[in-house]
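What follows is a short report on a single structure.
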Amino acid sequence: MTHPLARIDFRYNTQHVPPKVRAAIQKNTRTAIVKRGEAVAQLGVATWEQLRQAAHDLKLHTLTHLDAYLPQLEANVIAAGGVVHWANDADEARRIVLALARAHNVTRITKVKSMLSEEIELNEALGDAGIRALETDLGEYIVQLDHSRPSHPTNPTLHYTKEDIAEIFRRELGVDAPPDPFVLTEIARQKLRAEFLAAEMGISGGNFLIAETGTLALITNEGNGRMCTTLPPVHVAIVGIEKVIPDWNSLAVALSLLARSTTGQQLSAYTSFITGTRAGGPREFHLILLDNGRTQILRDPAARETLLCIRCGACANICPVFQNIGGHAYGWAYSGPIGALVTPQLIGTLRAGDLPFASSLCGACADICPVKIPIPQILVHLRQRVVAGDAFAAPVAPPAMQAGARAGAFGLSQPWLYELGSQMLKFAQMPFARGAWLPSLPPPANRWTLTRPFPKFDATFRDWFRARTPQGRAQKQTRALGAAVLALGAGALLFALARKLWRRK
Amino acid sequence: MTSREIILSRVKTALSAAHRVPMPALPALPQLEGDASARIEATLAAIESVSGKTRRVTRPADLRNALADLIGAEKIGKAMLWDNADLRELRVAETLAELGVAILAPDADKRELAQCDLGVTGADAVLPQTGSIALRALPGQSELVSLLPRVHLALFRPAALRADLRDLLAQLQRDAHAVLITGPSRTADIEKTLAIGVHGPKVFYAWSYEG
Ligand code: SF4
């Protein structure tokens with residue numbers, strides 16, 4: 001993870017993606033998108049669209065009634081024998097977990113993959129306290145062994161080849177493994193089985209919290225979620241307050257969307273429902289409800305829908321920016337379009353002001369999002385926050401960028417200035433042009449040409465538009481006609497003048 | 001102020017001027033057409049499509065044969081099973097014992113249970129569309145039976161089939177400790193290659209039992 005206070009330099013990060021990683025990410029995201037498409041087609045697109053709208057509406061309903069649903073959830077968890085803790089911020093959440101671990105003399109914890117746990121940097125805090133927190137999702141396990149970070153919201157090992165993973169196992173576990181996914185998986189199974197049995201505490205996140213009954217719904221494919229919430233005597237679940245849904249009917253809608261969007265499965269292999277404690281399960285169940293900036297997002301009507309997210313990762317898979325750089329460039333726990341959206345709101349635009357710009361605003365993310373978050377609109381809202389500031393944050397863009405944005409806005413609003421500018425570019429580029437390309441430009445434009453050439457300005461957009469569209473061609477004809485009339489008129493005038501002069505002689 | 005009060009008051013402030021969105025009407029979920037037999041066939045096909053192994057058992061003698069086949073194919077030495085009326089009636093424990101399998105009690109030490117080859121459960125509800133089976137954590141229905149062994153066998157009756165996911169969840173809601181299982185445990189974390197059998201069972205059998 002980036003240093004807690006360091007600014008996330010997105011552009012710098014994008015320029016340090018190894019080509020191998022890029023290839024792996026392109027391949028894997030493409031597979032995921034194809035599988036998702038098949039799953040949606042199988043359900044029927046009409047049904048799918050109805051479900052998306054319903055999920056959007058029901059989650060927005062829940063968010064705008066959180067003041068009722070949170071106490072209802074809490075009461076039901078307590079009635080079922082669970083303990084509910086409230087954490088204002090990451091630090092408080094970490095302290096609650098540490099206190100619970102100490103109270104139970106815990107030295108070994110097994111964990112279920114949770115982005116929220118990365119958000120609050122829980123493993124580091126536990127490690128500092130001498131408690132070993134082991135990730136048990138295969139992908140997270142590999143990433144943790146390699147002291148790396150997840151490169152995708154739901155698929156943390158997107159950046160490794162099987163050869164890389166065999167090498168990590170050899171180096172960190174001392175086992176000689178062939179680069180075979182099945183053998184590697186078996187090795188992890190053996191290692192982690194012993195850990196599950198020895199752990200004194202299991203820590204999970206949660207996919208949904210059902211207010212109606214106080215139930216935590218936890219979804220995994222590998223079965224590690226079940227292991228961590230069944231075998232250790234204490235289970236601690238840390239969940240963001242936005243994960244509440246009203247009832248089990250709502251859950252049916254949400255479950256119908258989640259696995260299809262994530263992996264293209266109809267349902268994931270295991271969905272566990274946990275309501276307080278139970279005979280034969282952990283003796284204690286603790287639910288930590290985390291705010292950590294979420295109520296701030298809730299306050300902003302233009303950004304509130306950020307909190308609808310069910311963390312499916314589909315927006316990352318479909319994003320042309322993500323496909324080329326992977327998750328690490330986003331610099332924090334959340335990556336892809338949802339990372340660009342959520343990170344600046346949770347850690348502030350001062351540190352994450354680059355991220356709202358980490359998008360071409362093509363809109364593919366909004367089209368694929370199972371809960372219909374208008375991601376591009378909210379990104380634009382956040383861009384405004386970065387450059388101009390708003391009720392939530394002061395502007396953080398450097399003065400040069402602000403001046404540039406203002407100059408640009410002025411230039412674009414004056415057609416003659418725009419025309420002049422684009423004509424001048426044709427001449428200004430001459431010293432740098434090599435064939436059809438501008439291979440290198442002076443600063444600050446070199447930030448582009450350092451990584452890829454820029455195509456030469458051949459025509460201005462207006463010329464291009466005139467040449468290619470019916471309106472443009474019509475415009476061109478009118479202009480040509482106008483020019484002809486003008487030329488004729490001028491010719492006639494000249495002729496008359498010339499005659500007059502000639503007659504005088 | 002406690003953190004609880006702070007968070008709840010922040011929520012109130014955040015929503016003070018907000019438009020309170022009403023709860024929408026939720027759309028119907030896809031239902032499965034066809035008679036009872038067709039629905040069983042569809043269920044078994046859905047289970048196969050998520051790498052489950054299925055069999056349609058109609059007579060007690062079939063069940064014995066099926067168990068014998070499974071024990072042979074999967075080299076089962078030790079098993080544990082639910083202790084509920086349904087499995088008792090089907091005499092699963094006795095049949096397994098007769099076939100030479102050692103039976104462990106589900107409340108034995110978890111390390112011992114982790115060595116178990118086979119876990120046999122019933123199914124409280126089945127979703128034909130996705131081939132999912134729901135297991136409730138009731139007394140006699142230990143969750144470990146479907147989790148720790150290498151092989152999981154779930155026996156379900158046609159009466160367990162539900163119309164859609166909403167129907168199925170409505171049933172689980174009553175005691176709200178349950179797991180919904182769709183195929184054996186799996187991962188695609190290594191180069192998106194599907195590998196079956198990560199932490200949970202590696203092989204998942206689901207047999208319908210009529211009769
Ligand atoms: S924003 Fe939408 S598509 Fe992206 S992870 Fe969240 S729910 Fe999925």
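Structure notes:
- Scanning segment A:301-311 for residues that are touching a residue at least 40 places away in the same chain (Cβ under 8 Å), of a type outside the set (A, V, I, L, M), at negative phi and open to solvent by 10 Å² or more (accessible area, probe 1.4 Å) yields A:R304, A:E305, A:C309.
- For A:L441, the conditions (1) modelled with pLDDT of 80 or more; (2) assigned to a helix (DSSP H, G or I) all hold with the exception of (2).
- Within segment A:352-373, being in contact with a helix residue (DSSP H, G or I) (Cβ under 7 Å, 6 or more places away or on another chain), open to solvent by 30 Å² or more (accessible area, probe 1.4 Å) and within 11 Å of the ligand (Cβ to nearest atom) holds for one residue alone: A:K372.
- Against the criterion of being more than 13 Å from the ligand (Cβ to nearest atom) and either in a loop (DSSP other than H, G, I, E, B) or surrounded by fewer than 22 Cβ atoms within 10 Å (Cβ to Cβ) (or both), A:Q377 does not qualify.
- Residue list for segment A:13-48, restricted to those being within 12 Å of chain B (Cβ to nearest Cβ) and farther than 19 Å from A:N317 by Cβ: A:G44, A:A46, A:T47
- A:L158 hydrophobic (A, V, I, L, M, F, W, C), within 9 Å of chain B (Cβ to nearest Cβ), within 20 Å of the chain's Cα centre (by Cα) and open to solvent by less than 40 Å² (accessible area, probe 1.4 Å): yes
- Residue within segment A:180-192 that is surrounded by fewer than 17 Cβ atoms within 10 Å (Cβ to Cβ) and under 27 Å from A:I78 (Cα atoms) present: no
- Residues of segment A:228-265 satisfying the condition of being more than 25 Å from A:A87 (Cβ to Cβ), of a type in the set (A, V, I, L, M, F, W, C) and away from the ligand (no atom under 16 Å from the Cβ): A:L231, A:W248, A:A252
- Residue check, A:T215 at the interface with chain B (Cβ under 7 Å from one of its Cβ atoms) and of a type in the set (S, T, Y): yes
- Against the list (1) within 14 Å of the ligand (Cβ to nearest atom); (2) of a type outside the set (G, A, S); (3) crowded, with 23+ Cβ neighbours inside 10 Å, the condition A:R385 fails is (1).
- Segment B:143-157 - residue that is more than 8 Å from every other protein chain (Cβ to nearest Cβ) and open to solvent by 10 Å² or more (accessible area, probe 1.4 Å) and, of those, farthest from A:L216 (Cα to Cα): B:R157
- In segment A:471-485, the residues that are hydrophobic (A, V, I, L, M, F, W, C) and over 20 Å from A:F461 (Cβ atoms): A:L481, A:A483, A:A484, A:V485
- Subset tally (residues that are within 16 Å of the ligand (Cβ to nearest atom) and not small (G, A, S)) for segment A:266-297: 2
- Options A:E167, A:E172, A:E124: the member that is surrounded by 15 or more Cβ atoms within 10 Å (Cβ to Cβ) and of a type in the set (D, E): A:E167
- Of all residues in segment A:121-138, those satisfying the criterion of being farther than 16 Å from A:M201 by Cβ and away from chain B (no Cβ under 14 Å) are A:E121, A:E124, A:D128.
- Residues (surrounded by fewer than 13 Cβ atoms within 10 Å (Cβ to Cβ) and at the interface with chain A (Cβ under 7 Å from one of its Cβ atoms)) located in segment B:20-36: B:R20, B:P22
- Counting only helices (runs of 4 or more DSSP H) wholly contained in segment A:230-348, the ones carrying 1 or more residues that are away from chain B (no Cβ under 11 Å) occupy A:248-262, A:314-318, A:320-325, A:336-347.
- When B:Y209 is tested against the conditions (1) open to solvent by less than 30 Å² (accessible area, probe 1.4 Å); (2) touching a Gly at 6+ places or on another chain (Cβ under 8 Å), the lone failure is (2).
- Qualifying position, being over 28 Å from A:C312 (Cβ atoms) and in contact (Cβ under 8 Å) with a residue 60 or more places away in the chain, among A:G127, A:G81: A:G81
- Taken over segment B:158-211, the residue count meeting the criterion of being outside any loop (DSSP other than H, G, I, E, B), small (G, A, S) and facing another protein chain (nearest Cβ under 7 Å) is 3.
The values are calculated or read from the model by the stated rules, or taken from the named source; none is laboratory data. Owing to the predicted nature of the structure, the values given are computational and were not obtained by experimental measurement. Note that each Cβ is placed from the backbone with ideal geometry, even for glycine, and that neighbours are counted across all protein chains shown. For the accessible areas, the whole protein counts, side chains as well, though only heavy atoms, and no ligand, DNA or RNA atoms are used. Shrake-Rupley method; radii C 1.70, N 1.55, O 1.52, S 1.80 Å.
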